[in-house]
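The next block holds one structure in the form of structure tokens; read it before the comments.
The values are calculated or read from the model by the stated rules, or taken from the named source; none is laboratory data. Model, not experiment: these values are computed from the prediction. In this analysis, Cβ positions are derived from the backbone assuming ideal geometry, glycine residues included, and neighbour counts consider all displayed protein chains.
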Amino acid sequence: MIQNEVNHYGSNFNQRHFPLSFINGYSHSTLVESGLIYSLNFVTSMITFVLIMNWLYYKTNRNILLPVVFHITAGYFNEIFATHSMSKVIQTGLLLIVSLYLVITDKEMFFNRI
């Protein structure tokens, strides 16, 4: 089921991104310096982000290009605009709304075996 994949990949994303918090000046290290709420927001945002990326992957007949472009674009715009940590909390809220919309409107994909 896709929810198992989301949990699995969300966990892997967090593990892969954790070492980036030790790079001085990188956005992940500033999250750690900003406080626990922003660090937890990053972990929370991964679940919604991965859910959307999985939805894109399956809806494009398992074409990996669109999720990769989605990931690169999201990271690029967060870096180029040097968004504040509170902006990322708002972004997580928006991703959550999109994720909930996808789950509600496409229940068959999320809750049936593919």
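Things to note:
- Restricting Ile64, Ile47 to residues that are at pLDDT 65 or above and closer than 17 Å to Thr92 by Cα narrows the list to Ile47.
- Matching residues, region 56-93, being of a type in the set (A, V, I, L, M), surrounded by fewer than 11 Cβ atoms within 10 Å (Cβ to Cβ) and either part of a helix (DSSP H, G or I) or in contact (Cβ under 8 Å) with a residue 60 or more places away in the chain (or both): Leu65, Ile72, Ile80
- Filter result (free of Cβ contacts under 8 Å to residues at least 40 places away in the same chain and in contact with a His (Cβ under 8 Å, 6 or more places away or on another chain)) within region 30-52: Met46
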